[in-house]
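Some notes on the structure that comes next.
The values are calculated or read from the model by the stated rules, or taken from the named source; none is laboratory data. Because the structure is a prediction, the values reported are computed rather than measured. So basically every Cβ, Gly included, is an ideal-geometry build from the backbone, and we count neighbours across all protein chains shown. What goes into the accessible areas is simple: the full protein's heavy atoms, side chains included, and nothing from ligands, DNA or RNA. Shrake-Rupley method; radii C 1.70, N 1.55, O 1.52, S 1.80 Å.
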Amino acid sequence: MKFTLNWLRDYVAASGCDAAKISDILTMLGLEVDSAEALYEHLAPLRTGRIISAEKHPDADKLQVCQVKIGDERHTIVCGAPNARAGLAVVVALPGATLPGDVKIKKAKVRGVESAGMICSERELGLSHDHSGIMELPDDLTDGQVFIDAMGLRDTMVEVELTPNRPDCASVIGIAREVAGKLGESLRLPTVAMPTNPGVNSFHVDIEAPELCPRYAARLIKNVRIGPSPWWLRRRLLAVGLRPINNVVDVTNYVMMEYGQPLHAFDFETLADRRIVVRASRDGERQFVTLDGNQRTLDAQSLLICDGEKPVALAGVMGGLNSEVTEKTAHVLLESACFAPVSIRKTARLLGLSSDASWRFERGVDIGNGVTALNRAAMLLSEVADGEAEPGWLDVYPGKKEPLCIEMSAGRTSNLIGVAFSPEEVAKLLDGIGIGCEQIDADTLRVWPPSFRVDLEREADLIEEVARLHGYDRIPARLPMVALSYPNQESDRIKRLRAAEIMVSSGWHEAINYSFTTSKFADMLSLAEGDSRRRVVRLRNPLSEDMDCLRTMLLPGLLENIRHNISYQTTSLKLFEIGKVFLPNAPDRQPDENMRLCGVLTGNRHEGAPPLHFPAQAVDMFDAGGAVEFLLKEMAILCGGAGGLRTIHPTSDGIEPFVEPESALLFFVGDTLLGKAGMIKAATLRAFAIKQAVCFFALDFNAICALSTQKPRFTPLPNYPAVTRDIAMLVKEGVAAGEMVESVRQSGEKLIESVALFDVFRGDSLPSGTKSVAISITYRSSSKTLTEKNIEKIHDKIVRLLAETYDGSLR
């Protein structure tokens, strides 16, 4: 939005405010000023002059030798303009001046006659495209003056970048209203005659699309004389970058810039049936020629202004060539309407046609201001085009609504802004920009947003207006009050993060898979028909056939990850995932969501280690079991006593259908089943297109979170040496080695520091159905050095305990 300071001061005094001050005021009001530019300073060297005589050039038919008086001086200037004549007031560029286009003026001989300057046309001055003759200045103008001062061109143009919610400021009056409200000055609006409307019979207006055109006003101006606009009008338009065309078009542009209401002028004689019809485009009306001479292709949603037979304008965008105002126009029908912003935006985008009018309609114009702008234009046309406005006008208003009323609290306004305001102060600030208020009690105001403020819809909008008018820079800065308290953390979430951290630190990679999966995985894993994991939560609108349900296991997704990585020649992997599985409930209930932790291993146990020191070895179930033990130990779940981890090799119950029976493991803490592990069957792996061995573990993470944890305890470094003894016990095949280790730990001997299983041997040298379990026991005393006698006594007791408990014998 562009305006000039002189134009602005027609509506607000802005006493003591220069361009910089006005720019600062607007910026602090939320209207960012892009630029402020002094106008026509490059024309300051030019002077006004008067032609004393104009005689024919002795050596050229179309040139005249003019004597031009500029103050006390006279200059001879050769001129070729046909309108150069004695007594004419003109603008003169003397030698040394520079005109637009970097044209330097200097003395020169023209056909033998020395010319000391140039008498300029409007195009040479950069004021318009008119080059038909030299610029004629008013006859009463004194010669010798600075041209831009004599013609009122010395001014400052300010350009404001408007946000889409402030269409009210797309006018000089709108900008002046903001400045007046901030400075506490009164707003001086133009005097517009608004007599009682007697109506008209000379034309008719019909709105067939009221949802797209809530208001349409029109007035007929007869007997206009089309011609150039007076200088004051052209000067205003030129200052804001608009090209003067003729007095009718210039008035519509002037009022648009003044009020923000786009207007359009029709040649009344071209309107069939003397009718205006506002409607959408119909079949057979897909082509339309606009004022610029281009043929536009419309769609069925394009809003048109039509007469009794045909379209005559694109509503809110551009008029039609068939109803253009020309030099022959005698009667003009003025249009002042309000159109739906979305409709205008769609049409403008469809046609790639943006105009000053469409830019305003797209943001929303003041529906209550149309008739005022219409009558302002009618008054100006009567003045500059000698037109005769009909006494009445048509105002079709199908979209009329009750004024919006909002109640706002002065107390709440003070709390939100951080500055104390009384209701009277709030009312004064809002009233300064035309927002009507009424105080209804000691704290509450009843507010009626004006029609030009389409952005005010609720109390918060009004509070923002108060803050804006008070001044953002006057609101004291305060740091927010934040309580120095540590929020409670969800314990299960902390354990999930800790588990992931432990797994990653021990060389595993975390995978994150979709919760959406395919029900085909149940068959691929050979789950029994009655297995609860076959019952899935189906999706009504799946992303694809492979994502038709919610997962009941994490293992299939990890096996897919294994397959994908192997296809890219990454054959040694350790992957884990912590996520939810979904088990269906009754139809009227949401599914149960349980947290699980699952891991898969494949390939080389020592991947990444030097082969010289760590020869390649395939992973097995013990790697999975060791990962579980390490995880629980680091999470302080594995804490000895009755709650310690027990690893059991099941014989029948508890073996998953996709696990090799001899490798199956179950993990218990007390009587709580934490999870399972084992080697996956080759047939199952083939179903997933995997050709190498894979082992897995799956844990119920909810059960892990439910277990109590042991807080870390710190003990001093030992002062006395440890003694290690080994036991190789021959036991039956069905005896679990882990239970034997746990029995030693639970023996109650205080000198036992640690117990570790280091070998399980099976071979032909052993009796059938037996195995050798080797256990290492470390003994230490915190008060003395242990003797052989001390150790033998305790060690023999441990051997007897194992032999009696597990029916074993020393090898």
Rounded to whole Å, give me the distance from the Cα center of segment 66-117 to that of segment 532-595. 90
Just to confirm, what accessible area per residue do you get for segment 730-769 at 1.4 Å probe, in whole Å²? 61
Dipole axis of the chain (+1 Lys, Arg; -1 Asp, Glu on Cβ), positive-most option in 604, 67, 364: 604
Rounded to whole Hz and in sequence order, give me ³J(HN,Hα) for segment 372-380 from the Karplus expression 6.51 cos²θ - 1.76 cosθ + 1.60, θ = phi - 60°, writing x for Gly and Pro. 4, 5, 4, 6, 4, 5, 4, 5, 5
Can you compute 3J(HN,Hα) from phi for each residue in segment 269-284, using the Karplus curve 6.51 cos²θ - 1.76 cosθ + 1.60 with θ = phi - 60°, rounded to whole Hz and x for Gly and Pro? 5, 8, 8, 5, 6, 6, 10, 10, 10, 9, 7, 7, 5, 10, 4, x
Under the Karplus curve 6.51 cos²θ - 1.76 cosθ + 1.60, θ = phi - 60°, whole-Hz ³J(HN,Hα) for segment 162-179, x wherever Gly or Pro sits: 8, 7, x, 8, 10, x, 5, 9, 8, 7, 5, 5, x, 5, 4, 4, 5, 5
Leading residue at positive end of dipole, the chain (Cβ point charges), from 584, 542, 721: 721
What residues have an amide H closer than 5 Å to that of residue 277, excluding those fewer than 5 places away on the same chain, when H is modeled at 1.01 Å from N in the peptide plane? 206, 306, 307
For segment 634-790, which whole percent of the accessible surface, found with a 1.4 angstrom probe, sits on carbon and sulfur atoms? 53
What does the C-alpha gyration tensor say about the overall shape of segment 145-238? Classify as rounded when a/c is under 1.5, otherwise prolate if a/b is larger than b/c, or oblate. oblate
Quick check for you: with a 1.4 Å probe and neighbouring chains kept, what is the accessible area per residue of segment 1-121, in Å²? 48
Pop out the carbon and sulfur fraction of the accessible area of segment 20-125 as a percent, whole number, probe 1.4 Å. 49
Which pairs break 21 Å Cα to Cα here: 574/676; 732/789; 182/400; 633/797; 676/750? 732/789; 182/400; 633/797; 676/750
Report, in debye and to the nearest 20, how large the dipole of segment 1-120 comes out about its Cα centre when Lys and Arg carry +1 and Asp and Glu carry -1 on their Cβ. 720
Answer label, with P(r) over Cα pairs in 20 Å bins from 0, in percent calculated from the coordinates and candidates [x] 14, 46, 31, 8, 1; [y] 12, 25, 18, 17, 16, 9, 2, 0; [z] 13, 39, 35, 12, 1, 0: [y]
Euclidean distance between Cα centres, segment 443-486 to segment 725-797, Å: 78
Under the rule of at least 5 residues apart or a separate chain, name every residue whose amide H is placed under 5 Å from the amide H of residue 421. 414
Projecting the Cα atoms of 152, 88, 736 onto the charge dipole of the chain, where Lys and Arg contribute +1 and Asp and Glu -1 at Cβ, the residue farthest towards the positive end is 736
At 1.4 Å probe size, with every protein chain present, just tell me what the per residue accessible area of segment 137-275 comes to in Å². 40
222 nm [θ] for the chain, helices only, -39500 (n - 2.57) per DSSP H run of 4+, per residue, to 500? -7500 deg cm²/dmol
DSSP-assigned coil residues among trypsin sites (Lys or Arg not before Pro) in segment 717-796, each with at most 12 further Cβ atoms within 10 Å: 750, 762, 784
Mind listing which trypsin sites (Lys or Arg not before Pro) in segment 561-623 are in a DSSP loop and have 15 or fewer other Cβ atoms within 10 Å? 589
Taking Cα atoms of segment 60-115, Rg/Rh with Kirkwood Rh, to two decimals? 0.95
If each K or R counts +1 and each D or E counts -1, the residues other than residue 381 whose Cβ falls under 15 Å of its Cβ total -4
Would you mind getting me the FRET efficiency between residue 442 and residue 193? Use the beta-carbon distance for r and R0 = 51 Å, nearest 0.05. 0.75
Between beta-carbons, use under 13 Å as the cut-off and find the net charge around residue 415, counting Lys and Arg +1, Asp and Glu -1. 0
Please go through segment 3-77 and write out the trypsin sites (Lys or Arg not before Pro) that DSSP classes as loop and that have at most 12 other C-beta atoms within 10 Å. 62
Of the accessible area of segment 146-208, computed with a 1.4 Å probe and all protein chains kept, carbon and sulfur make up a percent value of 49
Is there a quick way to get the dipole size of segment 365-522? I mean about its Cα centre, with the Cβ of Lys and Arg at +1 and of Asp and Glu at -1; what is the value in debye to the nearest 20? 1280
For segment 126-197 and segment 212-227, compute the distance between their C-alpha centroids and round to whole Å. 23
Considering amide H positions built from the backbone, and no H for Pro or chain starts, which residues 5 or more places from residue 724, or on another chain, come under 5 Å of its amide H? 779
Using only Cα atoms, find the angle between the long axis of helix 19-28 and the longest principal axis of the chain, and express it within 0 to 90 degrees, rounded to the nearest 10. 40
Under a Cβ-Cβ cut-off of 10 Å, what is the net charge of the residues other than residue 346 that fall near it, where Lys and Arg count +1 and Asp and Glu count -1? 0
With +1 assigned to the C-beta of every Lys and Arg and -1 to the C-beta of every Asp and Glu, and no other charges, what is the dipole magnitude of the chain about the Cα centre in debye, to the nearest 20? 1980
